[in-house]
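The values are calculated or read from the model by the stated rules, or taken from the named source; none is laboratory data. For clarity, every value in this text was computed on a predicted model and none was experimentally measured. Because the Cβ atoms are built from the backbone with ideal geometry, glycine has one as well, and the counts that use them run over all protein chains shown. These area figures cover heavy atoms from the full protein model, side chains too; ligands, DNA and RNA do not enter into them. Shrake-Rupley method; radii C 1.70, N 1.55, O 1.52, S 1.80 Å.
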Amino acid sequence: MGKVNGGVVTEAGDVCWLRADVALAAAARRHAGQLARGICLSGERVSQVELCVTEMATNLLKHTRDGSLALRVVRFGGRAAVECLSLDSGPGIEDVPLALRDGTSAVGTLGIGMGAIGRLADVSGIHSLRGRGTVLYARFHAEDTTPEPDARVAAVDTGGLTRPISGEQVCGDTWAVRTTGGAGDDRLLLMMCDGLGHGPLAARVADRAREAFRDSRRPGPSGVLEDVHAGLRGTRGAAVAIALVEPAEQRVRLSGVGNISALVTVAASRTALLSMPGIVGAHLPRLRTFDAEFPPGAALVLHSDGVSDRWKPADFPGLFAQDPTLVAAQILNQAAVRRDDAGIVVAAHRRA
Ligand SMILES: [Mn+2]
């Protein structure tokens, strides 16, 4: 991760959302297979991705009230992976370790079982809240290897997720993570952006924001935000927050404009980081930077107003020790609204 100076660590891309209906398994197999072939997975690996989403789809249809699959390609530096996420709204899994054990496929006849998903995928996770819903996560890397050493020892892991408003395919909410550019520098910059409105015009704002964020060479969060402001001129504008995560200093600094929620949670306590009123790309107020402690074990969560800010870390026992992608997915699953684009990005400071 530190090898690429100022390089993108990971960022939002197209997410294929499939609601649970009778055609889910077939649609999921088709989309997941396309994504897997698109990043040149072997034929055997493509079949495993298809098996994984078939199991997820069948579980959703047989055992949950309502749910979706989210399928996408993610890139970490130069490496690609297919990610499969299953999100449902209950009833939740009573005994997760039991559900992961072999021979307890929820499907009974055709299924490979949830435990097999974990064995097939390079990275996987599950988080279940009784009565409220489960998120399952599986990632398949393009190369048949574990993540490169740099990424594995990195002090801070990140992940995010976006979901368009009902009825739209593209999303005006976006996120991105990159290194700061200094040699041997383990600091990260995160962006959460909510392009005003929704649909293709908002998605264009999101694209432009990621581009400006990627290209900015300013050192601090307010400088990067000014560059994103310049990049969004002439668009309908956005709410944007930029966070600088400094693991060695155990601090997060954030500069935001518009309605982006930002908080740091450590052991169920939470510290909110404020944004200023204004519209990035149209009217930038005098910027302020707020900071918070970010010790090992802490997580930084940034999300748009498509995710309700009424959720509390204490409502998610066990979640913040999980992969940041799973954290993002479960918060979105529990707190997102359907009447707006939703987007969330999470950075987790790993314990040594
Ligand atoms: Mn919004």
Whole-Å distance linking the alpha carbon centroid of the range 291-352 with that of the range 206-234 is 23 Å
Roughly speaking, what is the stretch gain from residue 312 to residue 230, that is 0.36 nm per residue apart minus the C-alpha to C-alpha distance, in nm to one decimal?
26.1 nm
Connecting C-alpha atoms closer than 10 Å in a GNM of the chain, tell me which of 163, 139, 65 has the biggest fluctuation.
65
Per 10 Å bin, what percent of the C-alpha pairs of the range 239-317 does each bin hold, from zero upward?
19, 48, 28, 5, 0
By per-residue mean of other Cβ atoms within 10 Å, what is the highest-first order of 166-179, 217-230?
166-179, 217-230
For the chain, the Cα-Cα pair-distance distribution in 10 Å bins from 0, as whole percents, is 6, 27, 35, 24, 8, 1, 0
Are there trypsin sites (Lys or Arg not before Pro) in the range 284-325 that DSSP marks as loop and that have at most 11 other Cβ atoms within 10 Å, and which are they?
286, 310
A chain fully extended from residue 169 to residue 95 at 0.36 nm per residue, minus the present Cα-Cα distance, gains in nm 23.1 nm
Most mobile of 329, 241, 25 per a Gaussian network model of the chain (Cα springs, under 10 Å)?
25
Within the accessible area of the chain, what % is carbon and sulfur when the probe is 1.4 Å and the other protein chains stay in place?
51 percent
Solvent-accessible area per residue for the range 262-345 at a 1.4 Å probe radius, Å²?
41 Å²
Which one, 129, 190, 87, has the greatest fluctuation when you compute a Gaussian network model over the chain with C-alpha springs under 10 angstrom?
129
Counting Lys +1, Arg +1, Asp -1, Glu -1, what net charge surrounds residue 227 among other residues with beta carbon under 9 Å of its beta carbon?
0
What is the extension gain from residue 21 to residue 282, computed as 0.36 nm multiplied by their sequence separation minus the C-alpha to C-alpha distance, in nm to one decimal?
89.8 nm
Give me the accessible area per residue for the range 8-141, probe 1.4 Å, as a whole number in Å².
43 Å²
Give a residue-ordered list of calculated ³J(HN,Hα) values for the range 117-131 (Karplus: 6.51 cos²θ - 1.76 cosθ + 1.60, θ = phi - 60°; whole Hz; x for Gly, Pro).
4, x, 6, 6, 7, 6, 9, 8, x, 8, 9, 10, 10, 4, x
